[in-house]
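Everything below concerns the one structure shown next.
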Amino acid sequence: MIPKQHTLDFSVNRYFGVHFNQEVWKMLDKPSITVEEGYQLIDLAHASNHHWRLSGTAINQQRGAYLIARVFLALGSPDAALIYANRCWNITQQNPEGIKDFDYAYAEEMMWKCELAEGNTEKAEKHKLKARSLGDAITGQEDKKIFNQDFETTYKNLMRKS
């Protein structure tokens, strides 16, 4: 149950959803992380998603699932990443209120990269083509630029032995 927007619970959960999300992106930008930081990264992504579940909408859940998939892919766990990529993709297909053109492209991009990492090249290629097409259709120039950078990014295993 999502608390009403004017309650303290809503505000606190929204704050932590945003805060933990930002911390995840900071860690993903690092050139490498320790194994312990990898565990922290997983915890932060799940914490962000949990707080959005309590204060957000379906689109926040879609983006949270994307973030968790990206974390697992960056940590070298494509099987776990694919679980969340599928969740992201499934929510996207329901056209939740507030969805943006880039959300469709990112859902396909994550499915592509997860399927590829799992060795499912045919499925991966279909998602890649769809992601490219949807990415080309993004109307906001800044959103398109960011998507194009992410499209070209290989999510490598960031963890190094501690």
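For region 1-42, the set of residues classified as at pLDDT 90 or above, in contact with a helix residue (DSSP H, G or I) (Cβ under 9 Å, 6 or more places away or on another chain), of a type in the set (Asp, Glu) and more than 16 Å from GLY76 (Cβ to Cβ) consists of GLU23 only.
Among the residues of region 124-142, what is the count of those that are touching a residue at least 24 places away in the same chain (Cβ under 8 Å), under 26 Å from PRO78 (Cβ atoms) and of a type outside the set (Val, Ile, Thr)?
Qualifying residue count for the region: 3.
The values are calculated or read from the model by the stated rules, or taken from the named source; none is laboratory data. Quantities reported herein were computed from a predicted structural model and do not represent experimental measurements. Every residue, glycine as well, gets a Cβ built from its backbone with ideal geometry; the counts of neighbours run over all protein chains shown.
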